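Throughout, read-outs are computed from the coordinates displayed, never taken from laboratory work. The model shown is predicted, which means the values in this text are computed figures rather than measured ones. Positions of Cβ are generated from backbone atoms using ideal geometry, with glycine treated the same way; all protein chains shown enter the neighbour counts.
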There are 2 protein chains.
Amino acid sequence: MTFDYFFKPKAIAVIGASNDPLKLGYEVFKNLKSYRDGKVYPVNVKDDEVQGVKAYRNVKDIPDDVDLAIVIIPKRFVKQAIVDCGEKGVKGVVLITAGFGEVDEKGKKEERELVEIAHRYGMRIIGPNCVGIMNTHNDMNASFVMDAKRGSIGFISQSGALGAGIIYKTVKEGIGFSKFISIGNMADVDFAELMEYLADTEEDKAIALYVEGIKNGRRFMEVAKRVTKKKPVIVLKAGKSESGARAASSHTGSLAGSWKIYEAAFKQSNVMIADTIDDMLSMARAFTQPLTRGNRVAIMTNAGGPGVLTADAIDKKGLKLANLEGKTIEELRSFLPPMAAVKNPVDMIASARGEDYYRTAKLLLEDPNVDMLISICVVPTFAGMTPTEHAEGVLRAIKEVDNGKPVLGLFMAGYVSEKAKELLESEGVPSYERPEDVAAAAYALVEFARARGVLKDE
Amino acid sequence: MTFDYFFKPKAIAVIGASNDPLKLGYEVFKNLKSYRDGKVYPVNVKDDEVQGVKAYRNVKDIPDDVDLAIVIIPKRFVKQAIVDCGEKGVKGVVLITAGFGEVDEKGKKEERELVEIAHRYGMRIIGPNCVGIMNTHNDMNASFVMDAKRGSIGFISQSGALGAGIIYKTVKEGIGFSKFISIGNMADVDFAELMEYLADTEEDKAIALYVEGIKNGRRFMEVAKRVTKKKPVIVLKAGKSESGARAASSHTGSLAGSWKIYEAAFKQSNVMIADTIDDMLSMARAFTQPLTRGNRVAIMTNAGGPGVLTADAIDKKGLKLANLEGKTIEELRSFLPPMAAVKNPVDMIASARGEDYYRTAKLLLEDPNVDMLISICVVPTFAGMTPTEHAEGVLRAIKEVDNGKPVLGLFMAGYVSEKAKELLESEGVPSYERPEDVAAAAYALVEFARARGVLKDE
């Protein structure tokens, strides 16, 4: 199965593309203008041009094959548009228009009918009642949400607004996605199919799901079991509490069901459970790193406090602090200042420069008792130092040692460390700002290794 | 007891103020130049001017009474400087210089000697081995850390670097402090005394502590029991895990001790325990709001997902979702669209404008079954809407109803909602970006009400 026509279409029609900045069809077409892998055609029933581009009255008038149609028109016109798309030979429809199954039984019936029409033409529908989809790797933003930062997480959200909120939040925080899929009412395409597609792509390193309720649990589990053999799947489930579940059920119309049942299903299919949005993002971001072979973590830091908090967070996740070899400790002692702590966590103290980061990271990565490294940098308090030299030191060590052990960064200095974070991330080393987030990432690496059966005996 | 000479001094001497931008004494003097409540004098053994200000060879040469001295000179000169301060009649010394008790037994002895000298002159010492202190309410930044944003949290940190990291982080996130106190080795002034001082100030609405190890546990508890009757105290304890505790002990030299013992002590003295830095900040920020009378929370939102996640987070903290009165539900139904959910959480859906926020907030605050309100706003997806109008609506309702129930904001839209957040916060309504943070704040309000004995029967 391939959903390439959704995420790498050769030509896209925006049915409802608009010149009126107050309409969502304006935003969608504007966002799609920067699409790199194909053409984008506006469809508008009355304007000859949309945002300076020649428009068509009907999708069928477009003098080109169209794989994907984004539909964002008043509800009463949707059915005809779906028929038109079918006749045109469109393969995928992203139906943004709302007012269907989320409203009432009549709406449910209407959206089922749309799906039947689509299937008759061999066409698939994402939505209705969604905010759209994005593929950051070819600059396809087929949504009315701002561009997400490019990254490695394939994110599927059952709440459009929450999904959008997460995009806005991550843009501010510098966290990226490979794909964002607002799945809406899941009248046709659902979590299972999308997971299966994302399992085989290059650019999606992990799959993150925001779930309110799953309709076909058995199928979800079957697919998840298969997918999690290839790629990590992380789920944030809303409605864990009774009151939350009640609210979720009134929101999506899907029965939220008991959290206990979901929890058991996720665990059986090796889907990792996130507690919060940040937990989900932190875990999913970890997978630009290689698989870990064990759960013994080494921590290096230029300040004691953050090292201690990270050790606590690692412990809380059930991971272990590595017992460094005597040889490693001796060599650390040979160049670090007397006040440094050379046991794990290794506290190089505030005087640590890039060279100290390099030498320490090298020794820790080479230690056979270490499976994974967390490198921490707080505000360098010594004048003339920058977090960037620290990041450079760590990167040099990783390249030199090159033994496939995962490395994660933790920078706790707000704006001051943004450049260093970006540098590490540009080399695929995920970097965090909070001890609990880097611990969640380490945990996710271990859990996925366990699911894949490559974790050494613990 | 008053530490006003530390936080509202009439004149400050910076011993070790420097013209060399690579020295910490440069940063400290530069930061202190904007101090508003008194004069700042540089002391430098060789330069006649420091950063354009007439300098003195010795603190004793300053032609003015000096309350506070910041000492940031090589260790070998510190003892004489303390003697000079004593002879000058200085009342408080912030000793930034490191290399004392955190290094070895000899250093411990040396810092004890300094304290003895100070006490002989009736002088008190904060430090040594600290990054300095701040009072944002008179722009006193007597540290080499960047200015914190002005706020309501009195924050005492046992790790200077972590404290600094938190300042940098909060500047980026728009979170403010009233005071920041890097307590260093606590050779003299300790947590207990500072808590006692902060308990009686106007501008510190809550006291937050980052603790690695407490030296005199019994005294801490005695004071904490007293202080928590007046003001909330929130603690983040590092070294909860065994490995973390070992690391903490090597870091500060103080015995971290078993977390179980600390936990019991904190609970007995009504000190609230934070799990993470953000948890600590979220709780402490809540107290610009009035005391709650109960634990029944109403949630209003313009999107279902965030409402559900917040309901889950509230439940996890042991708080309750309020059962709205029939009358409230009826009235909500009268003006909200048919698709809105009028039970708690109230989902006004994406079309909600400022007026809807106003009317809904008013009804919820007036409902006798509601003790506290959380107002959520995700990205407004309807063109022309801004989170600001939502914030304005809520503020209007608070002012009109004026019945002393606490209100907390949750904005999940990154940059887009920054203005709205600022608006709410300028009116004392703390606003958060994550469901778990706003739930932590609600929890803290309830816990403090319980400690004060004003919580209604549950």
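Below is a table of values for the structure above.
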| quantity | calculated |
| --- | --- |
| Ranked by how many other beta carbons lie within 10 Å on average, peptides A:416-423, A:310-317 from highest | A:310-317, A:416-423 |
| Area projected by the alpha carbon convex hull of segment A:290-452, averaged over all directions, nm² | 8.3 |
| B:Arg150 versus B:Lys419: modelled label distance in nm, points set 7 Å from Cα along the beta carbon direction | 2.2 |
| A:Lys267-A:Lys230 FRET efficiency (beta carbon distance; Förster radius 30 Å; 0.05 resolution) | 0.95 |
| Copies compared at A:Lys399 - label distances in nm, ascending, label defined 7 Å from Cα in the Cβ direction | 5.9 |
| Residue-count net charge about B:Tyr197 - beta-carbon cut-off 13 Å; Lys, Arg +1, Asp, Glu -1 | -2 |
| Flagged links, alpha-carbon separation over 22 Å, of B:Lys179/B:Lys231; B:Lys230/B:Lys456; A:Lys106/A:Lys260 | A:Lys106/A:Lys260 |
| Mean-position separation - Cα centroids, segment A:334-373 and segment A:95-125, in angstrom | 59 |
| Whole-angstrom gap from segment A:161-202 to segment B:213-240, using each part's C-alpha centre | 44 |
| Amide proton proximity set for A:Met412, modelled H, under 5 Å, gap of 5+ | A:Cys377, A:Val378, A:Val379 |
| For B:Glu116, net neighbour charge (Lys/Arg +1, Asp/Glu -1) across residues whose Cβ lies under 14 Å away | +2 |
| Helix A:160-173 vs. chain A, principal-axis angle (Cα, 0 to 90°, nearest 10) | 40 |
| Degrees between helix A:259-268 axis and first principal axis of chain A (Cα, 0 to 90, nearest 10) | 70 |
| Near-label residues of segment A:200-217 by backbone N, under 19 Å of a point 7 Å along Cα→Cβ of A:His119 | A:215-217 |
| Value of [θ]222 nm, deg cm²/dmol, for chain B, DSSP H segments ≥ 4, -39500 (n - 2.57) each, nearest 500 | -12500 deg cm²/dmol |
| Label point distance in nm, A:Lys109-B:Glu87, each placed 7 Å from Cα along Cα→Cβ | 9.8 |
| Estimated FRET transfer efficiency (A:Asn403, A:Ser351; beta-carbon r; R0 35 Å; 0.05) | 0.80 |
| For a label point 7 Å along the Cα-to-beta-carbon line of A:Asn369, residues of segment A:299-325 with backbone N under 14 Å | A:299, A:320-325 |
| Amide hydrogen neighbours beyond the local backbone of A:Asp275, cut-off 5 Å, H modeled | A:Met280 |
| Candidate lysines - alpha carbon under 18 Å from A:Lys421, same-chain residues fewer than 8 apart omitted | A:Lys149, A:Lys169, A:Lys172, A:Lys399, B:Lys169, B:Lys172 |
| Shielding score for B:311-318, defined as the mean number of other chain Cβ atoms within 10 Å | 5 |
| Averaged over B:153-164, number of beta-carbon atoms from partner chains that fall within 10 Å | 5 |
| Shielding by other protein chains, B:235-246, mean Cβ within 10 Å | 6 |
| Degrees separating the helix B:435-452 axis from the principal Cα axis of chain B, which is the longest one | 80 |
| Summed side-chain charge close to A:Leu336 - residues other than A:Leu336 whose Cβ falls under 10 Å, Lys, Arg +1, Asp, Glu -1 | -1 |
| Rounded to whole Hz, the Karplus (6.51, -1.76, 1.60) HN-Hα couplings of segment B:391-399, x for glycine and proline | 4, 4, x, 5, 4, 4, 5, 4, 5 |
| Length-normalised contact order of segment A:48-130 in % [C-alpha pairs under 8 Å, at least 6 apart] | 29 |
| Length-normalised contact order of chain A in % [C-alpha pairs under 8 Å, at least 6 apart] | 11 |
| Amide proton proximity set for A:Lys39, modelled H, under 5 Å, gap of 5+ | A:Ala11, A:Ile12 |
| Shortest-first nm distances, A:Asn138 label point to equivalent points in other copies (7 Å, Cα→Cβ) | 6.4 |
| Per-residue ³J(HN,Hα) for segment B:28-36, Karplus 6.51 cos²θ - 1.76 cosθ + 1.60, θ = phi - 60°, Hz, x for Gly and Pro | 4, 5, 4, 5, 7, 4, 8, 4, 9 |
| Calculated from backbone phi, Karplus (6.51, -1.76, 1.60) coupling profile of segment A:92-107 in Hz, x at Gly/Pro | x, 10, 9, 9, 7, 3, 10, x, 9, x, 6, 8, 6, 5, 4, x |
| Across B:Lys39/B:Lys91; A:Lys88/A:Lys108; B:Lys267/B:Lys317; A:Lys75/A:Lys108; A:Lys327/A:Lys362, pairs whose alpha-carbon gap is larger than 18 Å | A:Lys88/A:Lys108 |
| Centre separation in Å (Cα based) which lies between segment B:396-455 and segment A:387-458 | 35 |
| At 7 Å out from Cα toward Cβ: B:Ser258 inter-copy label distances (nm, ascending) | 3.7 |
